[in-house]
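Asks: Encoded as structure tokens, here's the structure I'll be asking about.
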Amino acid sequence: MIHQANSDRYKTMQYNRCGKSGLKLPAISLGLWHNFGSVDVFENSRSILLNAFDNGITHFDLANNYGPEPGSAETNFGQVINKELAAYRDEILVSTKAGYYMWEGPYGEWGSKKNLIASLNQSLKRMNLEYVDIFYSHRFDPETPLEETMGALDTAVRSGKALYAGVSNYTAEQTAEAARILKDLGTPCVIHQPRYNIFERWVEGGLLDVLETTGMGAIAFSPLAQGLLTNRYLKEIPKDSRMAREGFLQSKVLTEEMKTVLVALNDIAQKRGQSLAQMAIAWLLKDDRITSVLIGASSVKQLQDSLKSLENTTFTAEELKLIEEVSKPGWNKYR
């Protein structure tokens, strides 16, 4: 059955220019890091994807290793876009990445041209797509010349298998050099995808300035600090929570001091008429250098809740000062 997309989908979404490029991204993009793999219920994943597009989310972010099993998020996404959204391909941005471990042997990870091009070809095959809109180097490779890694992105764009090049998890210095190399090659680096949220502030130590200087956009991932910046952990650890599974978010993070921080942030959010999660997303969008916020979703309900963040993205100077003061004890402690 072909999905009939909502013709009003663009009316409520905000679209921001990605740095100085011609590309625009929705203020909220959907990431498929969790909840879209082979271990998840496909029908739920499908419903989230279709509902996201119906609400103006035109950008879907993947990586070769997303799952689990690795690669399965791309396979599942490919089924949805080809079977139900094929008619809307020109309205949709698809991004994927390569650089983390994906297969055995010397070419299955990091930043060699061999790895990046092979991985992109595999991703396109899994998704059954002719091209992706953005192809990222997922992480900096200290043992491969940056010229080779960026050259691989240039090759991907010139081959037509990707339209734009980007980097993720690069430091400010690495990003500046990557941007210089790609500019010289004639394929500008248009976007950086860093981890950024109220608790994780490393991008403020120079990266945002580099992005502004080089004309790159930014899409922030992990805006809710793996779910910590929600009302789920104000009192205890729910049995069905990510923290209870001791994955990326560890229970040792939820100290009494952290609970105090979360309660204080939640109070600020409530006074703004928002949930803590909604305020955390809106807080990122206060900075014009942030093109988009990359959210995850385990249900349509959670997706809809996140979209409500866009109803209030304006902060008073007093609110921003208070958020800084109460959140500081939690900076860089949630992982």
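Asks: Express as a percent, rounded to the nearest 5, the fraction of DSSP beta bridges in the chain (both residues included) that run antiparallel.
Replies: 10
Asks: Would you mind checking the radius of gyration and Dmax of segment 1-149 based on alpha-carbon positions, in Å?
Replies: 15.9, 49
Asks: Just tell me which lysines come within less than 30 Å, Cα to Cα, of residue 113; anything on the same chain fewer than 8 places away is out.
Replies: 20, 24, 97, 125, 161, 183
Asks: How charged is the neighbourhood of residue 223? Take every other residue with its Cβ under 11 Å from the Cβ of residue 223, and add Lys/Arg as +1 and Asp/Glu as -1.
Replies: 0
Asks: If neighbour count is taken as other Cβ atoms inside 10 Å, put 255, 96 in order from fewest to most. Walk me through the numbers on the way to the answer.
Replies: Working: 255 12, 96 29.
Final ranking by Cβ density, sparse to dense: 255, 96.
Asks: Dividing the Cα convex hull volume of segment 71-165 by residue count, how many Å³ per residue is that?
Replies: Once divided by residue count, the hull of segment 71-165 is 81 Å³.
Asks: Let me ask something else. Would you list which lysines come within 19 Å of residue 333, measuring only between C-alpha atoms, while excluding same-chain residues fewer than 8 positions from it?
Replies: 235, 252, 259
Asks: Quick one: order 132, 41, 167, 300 by neighbouring beta-carbon count within 10 Å, fewest to most.
Replies: The order, fewest Cβ neighbours first, is 41, 300, 132, 167.
Asks: Sticking with this one: Order the peptides 217-224, 17-24 from the highest to the lowest mean number of other Cβ atoms within 10 Å of their residues.
Replies: 217-224, 17-24
Asks: Identify the trypsin sites (Lys or Arg not before Pro) of segment 171-225 meeting these criteria: DSSP loop state and at most 16 other C-beta atoms within 10 Å of the C-beta.
Replies: Answer in residue order: 201.
Asks: Still on this structure, please answer the following. Could you work out the relative contact order of the chain, using alpha carbon pairs under 8 angstrom and six or more residues apart, expressed as a whole percent?
Replies: RCO, the chain: 18 percent.
Asks: Go through segment 205-210 residue by residue and turn each phi into a ³J(HN,Hα) via Karplus (6.51, -1.76, 1.60, θ = phi - 60°); whole Hz please, and just put x for glycine and proline.
Replies: With the stated coefficients, segment 205-210 comes to x, x, 5, 4, 5, 4 Hz.
Asks: Tell me the relative contact order for segment 161-208 as a rounded percent, counting alpha carbon contacts under 8 Å between residues six or more apart.
Replies: Relative contact order of segment 161-208: 46 percent.
Asks: Given the peptides 155-164, 274-283, arrange them by the average over their residues of other C-beta atoms within 10 Å, most packed first.
Replies: By packing density, highest mean first, the sequence is 274-283, 155-164.
Asks: Continuing with this model, one more query. Please give the charge dipole size of segment 1-136, origin at the Cα centre, charges +1 on K and R Cβ atoms and -1 on D and E Cβ atoms. Round to the nearest 20 debye.
Replies: Charge dipole of segment 1-136: 440 debye, to the nearest 20.
Asks: Treating the chain as a set of equal point scatterers at the Cα positions, no solvent, please give the Debye-formula log₁₀ I(q)/I(0) at q = 0.09, 0.10 Å⁻¹.
Replies: Each listed q maps to, in turn, -0.46, -0.57.
Asks: Normalised by the number of residues in segment 65-158, what is the relative contact order in percent for Cα pairs under 8 Å and 6+ residues apart?
Replies: Details: 115 pairs, mean separation 29.4, N = 94.
Once normalised by length, the contact order is 31 percent.
Asks: Quick check: from the Cα gyration tensor, does segment 1-43 come out rounded (a/c under 1.5), prolate or oblate?
Replies: It comes out oblate by the Cα gyration axes.
Asks: What is the distance in Å between the Cα centres of segment 63-86 and segment 277-333?
Replies: When both Cα centres are located, 28 Å separates them.
Asks: Kindly identify segment 1-89 as rounded, prolate or oblate by the Cα gyration tensor criterion: order the square roots of the eigenvalues as a ≥ b ≥ c, call it rounded if a/c is under 1.5, otherwise compare a/b with b/c, prolate if a/b is larger, else oblate.
Replies: oblate
Every number here is computed from the coordinates shown, using simple stated rules; none is lab data. Computed from a predicted structure; not experimentally measured. All Cβ positions, glycine included, derive from the backbone under ideal geometry; neighbour counts span all protein chains shown.
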